[in-house]
Amino acid sequence: AARNRSEPPLARRPRALAGPVVAPSRAFAARASSRAPAASAIRRASSSGERARDRVDTTSSDASRTRTSDRSDRSFAAVFASAAIAPRRSHPQGGADTSPGSLSPVARLLHVASTAGAGFDPAGNMAAANTAHSVGMIAAWYFSNIGVILLNKYLLSVYGFRFPVFLTTCHMAMCALLSLIVRASGIAPRQSVKNRAHLRKIGVLGVIFVASVVAGNVSLQHIPVSFNQAIGATTPFFTAVLSLCIMRQKETMQVYATLVPIVLGIVVASRAEPLFHLFGFLACVTATFCRALKSVIQGMLLSNESERMDSINLLLYMSPIALSVLSVASTVMEPEAFGVFYDNCAESPRFFFIITLNCVLAFSVNLTNFLVTKCTSPLTLQVLGNAKGAVAVVVSILLFKNPVSVVGMFGYAVTIVGVAWYSSAKKKAPGDRRGKREGVGNSALGGGRMSEKV
């Protein structure tokens, strides 16, 4: 070994490469064997340390990737949350418009996904439900009003059941029955008659109500629905005149000015009506006059706030009175009506179905009238009533094919414009609260309003 260490490297390298490997000495082998366990232990320890470091590095790397993923997710959510909140346009009054229609497509998708789950907006859903309920009630009110007018015309004129008093009696019987059912169900609040004087006032209104309904049904026997509705639109004229004559209530000059186109339009429509019938015209004018008279009388009789009733409760107490009056009138004026009614029902189930539907719609007019006023306002119902007459005219012309003239339609349009002007003037009149409760073609009964299209 000393010799090998003393030899230069260049001399030792060729011999090591060229000759055979010389076996180590016993001492060297002994020292190497003694060092082997320690070296093995060192290698095992080193290997264990390296594996531990690898595990630590792996765990650290996984934790780092997790933190990075969390940061990325939070950044992703923040970006989309800002996109869902940030609108594409600003509100006209300042600030951000966060309505769904103002969001970007991606944000709108996220809005829909969020509302589809547990995070929906209860207030928004409640507002949508209330709107749908109001629209449904208005549609039902329109259908009931127009349906009962058209069925009255069909039964009294087309079908040939010429007993308007008996038909009105059937309406009152159905209204009395269904009013009890509705009141028992709790849809309408319970209101009671205060005393005998209160009952007498309701009785007076019931008699006037019967006169207006019967006269209106009589007119449908002789004149078309379009002309009937045109005459009925003049109710504000008779209301203003009767208020001045009976209650000494003066209106503003603007309100009186609105009566000119109302009367002028109906005069033009009457002169140009192809199916003009004098008796039918007088009956319809009488019905309109009684309708306005009832509106004025109820304002005078039921002036006390405690005596006011909604349309359902007022109909409940008026129906028996009206039914008793109509039963006597039908027996005297139309003695053969019940026999014809019984024979028609026995021969034609279709007739029984039509007259039953007509009676149900007669009550539905008052029920939907009450519900629409409850979910909107009396003023909204007044505006809807102005448009109802025009819709009824168009539908009746399409169904019954009655001839109309351009001049007649122009006159009716002038009347409708005058009625709309009258409604606006009454709303602006100082100190006039009753004008907001008056209906066109209907009357305000005890704070509520009850239709007379029965």
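The values are calculated or read from the model by the stated rules, or taken from the named source; none is laboratory data. Predicted model, so just to flag it, every value in this text is computed and none were measured. With ideal geometry, Cβ positions are generated from the backbone for all residues, glycine too; neighbour counts draw on all protein chains shown. When the accessible area is computed, the model is the full protein with side chains, heavy atoms only, and any ligands, DNA or RNA have been set aside. Shrake-Rupley method; radii C 1.70, N 1.55, O 1.52, S 1.80 Å.
Values as computed for the structure displayed
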read-out	value
Label-point separation, Val204 to Leu357 (7 Å along Cα→Cβ), nm	4.1 nm
Contour excess over end-to-end distance, with Cα ends at Glu347 and Ala413 and 0.36 nm allotted per residue	19.5 nm
Rounded Å value of the spacing that divides the Cα centres of the range 271-305 and the range 227-249	7 Å
The range 203-338 shape via C-alpha gyration tensor axes, a/c threshold 1.5	oblate
Cross-link partners of Lys401 among lysines (Cα-Cα below 21 Å; sequence separation of 8 or more within a chain)	Lys153, Lys388
Whole-Hz ³J(HN,Hα) from phi, Karplus 6.51 cos²θ - 1.76 cosθ + 1.60, for the range 197-212, glycine and proline x	4, 4, 5, 5, 5, 5, x, 4, 5, x, 5, 5, 4, 4, 4, 5
Low-density loop positions, trypsin sites (Lys or Arg not before Pro), the range 171-233 - DSSP coil, at most 12 other Cβ in 10 Å	Arg190, Lys194
Cα gyration tensor shape for the range 128-429, rounded if a/c is under 1.5, else prolate or oblate	rounded
Cross-link partners of Lys250 among lysines (Cα-Cα below 27 Å; sequence separation of 8 or more within a chain)	Lys201, Lys294, Lys426, Lys427, Lys428, Lys436
Simple Cβ-charge dipole of the range 128-429, Lys/Arg +1 and Asp/Glu -1, about Cα centre, in debye nearest 20	820 debye
Length released on extending from Ile397 to Met247, taking residue separation times 0.36 nm less the Cα-Cα span	50.1 nm
With every protein chain in place, the range 128-429: carbon and sulfur % of accessible area (1.4 Å)	72 percent
Accessible surface, the range 241-386, averaged per residue in Å² (probe 1.4 Å)	47 Å²
Probe 1.4 Å, accessible area per residue of the range 172-224, Å²	44 Å²
Among 293-300, 175-182, the order from most to least packed when residues are scored by Cβ within 10 Å on average	293-300, 175-182
Label point distance in nm, Val383-Tyr256, each placed 7 Å from Cα along Cα→Cβ	2.9 nm
